[in-house]
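The values are calculated or read from the model by the stated rules, or taken from the named source; none is laboratory data. Computed from a predicted model, the values in this text were never measured in an experiment. No Cβ is skipped: glycine too gets one built from the backbone with ideal geometry, and neighbour counts run over all protein chains shown. Side chains are part of the model used for accessible areas, which takes the heavy atoms of the whole protein and leaves out ligands, DNA and RNA. Shrake-Rupley method; radii C 1.70, N 1.55, O 1.52, S 1.80 Å.
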Amino acid sequence: MLIAFFYVRKIKSDKLTCSIVFFLLYLLILVLFSSNIFRSLSTYTKFAISLSMIPIAFYNIDTQAGLKRLHISLLIGAGILQINYVLAQMFHFGEKAYSEDGFYLGATGVTMTYIFCYAIAVAPLTYALLKKDRSKLIATVMYGFAAIVTLITFRRGSILAMMVSFLILLYLSSSKYKKTLISLLIFIGIGFWGVYHWQEQRLQNLFEQRIVYSIEREFDEKAFGRVNETKEVWYEFFNKSLSHSLFGSELFNSVEYFNYWKQTGRTIHIDYNNILHGSGLIGLILFILIFWQMIKKFKLYETTLEHPILFPQLKMVFWATVATNLVLSLSTQLWYVTSYSIFGLLIGSTLRAAKSNIAIQNNKY
């Protein structure tokens, strides 16, 4: 209801917003054709909320103070998750993901690493918005700890997303921020080295289980990992009916479509496969169109700004955030409203900041 209020009262019509609204309306129609409407509607609602954060942030986070509050909120949220993680190790609550050799994850599960990835991806802009050196130092420690937790959790998608975003930030950053990022990498390296020597056997076991064995398992047909999942989805696309190819089948309800997944409750793990299978070629094209409009809008702002104050940081975090999202979607993200909505908020606010060309000296857009 609140999101509907924002759409009606706050959000104006533009190509990106229209792309999002049309895509969500198309998916809503497909929900009605699911054999389990509740399951499809549940996931659809999460996805719709998350994508709606893009126009909501664009039309509501319209001052530098608002942008700063968003980034500080994300940093505080990451800090709360880190406290949760430490307490979980002390009091042994929450699950151990993947293996009994793993660390306790507390109340959040492995998806806390997704939030850490987004926080790290926007770190240069957060640094630029923070004024005090003490605040920047605290942020650096928090980023370092978040990265270490992500590494020792062995969520492969999160590790890859973090690595890709770091590379993008390093490539696009000025010499000043390169030094900051390299210092952060050194801090992470030292911290990980310390944890490794403290938990050497445990981390070696996790590495073998989660990296060596799991990658081999992805190519095992019986295990039906992401590689074989992709083969199956595309086989269905090319060999089923024209209706399935264009409009998909059982939106967000693949667990009941593939009979051999019913026993385990396994769903399609790659978001792009999920959208293709559930909404067909039309749905996948509409989804890609949202990212195309997003990038096109940002490039327009990049070429028309005359006095790009803060724009180097905006450019870095825009591409790092997009890359983080694309990589995380390879290991399932649309099921988690927190992770995907953070992406929407960051992208929407970054686009608005680029459009408005922040003027730091008078604290106005």
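Determine which lysines satisfy two conditions relative to Lys240: a Cα distance under 18 Å, and not lying fewer than 8 residues away in the same chain.
In chain and number order, the partners are Lys231.
Using just the helices of the chain, give the 222 nm mean residue ellipticity in deg cm²/dmol: DSSP H runs with n ≥ 4 each add -39,500 (n - 2.57), and the total is spread over all residues, rounded to 500.
-24000 deg cm²/dmol
Under a 10 Å cutoff between Cα atoms, tell me which one of Ala147, Ala107, Ala161 has the largest fluctuation in the Gaussian network model of the chain.
In the Gaussian network model the winner is Ala107.
Given R₀ = 35 Å, FRET efficiency for Tyr196-Phe33 by Cβ-Cβ distance, to 0.05? Show your work: numbers first, answer last.
Numbers: r = 51 Å, r/R0 = 1.45.
Step by step, r from the Cβ atoms, then E = 0.10.
Would you mind getting me the FRET efficiency between Leu25 and Lys136? Use the beta-carbon distance for r and R0 = 41 Å, nearest 0.05.
0.40
Using the heavy atoms of the protein chains alone and a 1.4 angstrom probe, what is the accessible area of the stretch 73-211 per residue in square angstrom?
That works out to 48 Å² for each residue.
Quick one: which residues, 5+ away or cross-chain, put their amide H under 5 Å from the amide H of Val122? H built at 1.01 Å from N.
Excluding prolines and chain starts, which carry no amide H, there are no hits.
Can you tell me the equivalent ellipsoid semi-axes for the chain? Use √(5λ) from the Cα gyration tensor, largest first, whole Å.
32, 30, 17
Could you go through the stretch 234-251 in sequence order and give the Karplus-derived ³J(HN,Hα) for each residue, using 6.51 cos²θ - 1.76 cosθ + 1.60 with θ = phi - 60°, rounded to whole Hz, and x for Gly and Pro?
So the J values, rounded to whole Hz, are 6, 4, 4, 4, 8, 10, 7, 6, 4, 4, 5, 5, 7, 10, x, 9, 6, 3.
Read phi for every residue in the stretch 271-277 and hand back ³J(HN,Hα) as whole Hz from Karplus 6.51 cos²θ - 1.76 cosθ + 1.60, θ = phi - 60°, with x for Gly and Pro.
Karplus-based 3J(HN,Hα) across the stretch 271-277 equals 4, 5, 5, 4, 5, 4, 5 Hz.
Could you give the size of the charge dipole of the chain about its Cα centre, using +1 on the Cβ of each K and R and -1 on the Cβ of each D and E, expressed in debye and rounded to the nearest 20?
Details: 34 positive and 20 negative charges, 295 e Å.
With Lys and Arg at +1 and Asp and Glu at -1, about 1420 debye.
If you roll a 1.4 angstrom probe over the protein chains with everything in place, what fraction of the accessible area of the chain belongs to carbon and sulfur, to the nearest %? Don't skip to the answer; put the middle values down first.
On the way: 11540 of 17530 Å².
After summing per-atom areas, the C and S share lands at 66 percent.
Whole-Hz Karplus ³J(HN,Hα) for the stretch 144-150, in order, using 6.51 cos²θ - 1.76 cosθ + 1.60 and θ = phi - 60°, x for Gly and Pro?
Using θ = phi - 60°, the values come out as x, 5, 4, 5, 5, 4, 4 Hz.
Top mean-square fluctuation among Phe237, Phe258, Phe116, Gaussian network model of the chain, C-alpha springs under 10 Å?
The residue with the greatest mean-square fluctuation here is Phe258.
How much length, in nm to one decimal, is gained on full extension between Ile295 and Gln89, taken as 0.36 nm per residue of separation minus their Cα-Cα distance?
70.1 nm
Can you tell me the relative contact order of the stretch 73-211? Whole percent, Cα pairs under 8 Å, sequence separation 6 or more.
25 percent
Determine the distance separating the Cα centre of the stretch 52-122 from the Cα centre of the stretch 152-197; give it in Å without decimals.
Each part reduced to its Cα centre gives a spacing of 17 Å.
Among Gly278, Gly109, Gly144, which one shows the highest mean-square fluctuation when the chain is modelled as a Gaussian network with alpha-carbon springs under 10 Å?
Gly109
What are the lysines whose alpha-carbon lies under 17 Å from the alpha-carbon of Lys15, with same-chain residues fewer than 8 places away excluded?
Lys15 reaches Lys296, Lys297, Lys299, Lys355.
For the pair Lys231 and Ser356, how long in nm is the line joining their label points, each one 7 Å along Cα→Cβ?
According to this spin-label approximation, the distance is 5.1 nm.
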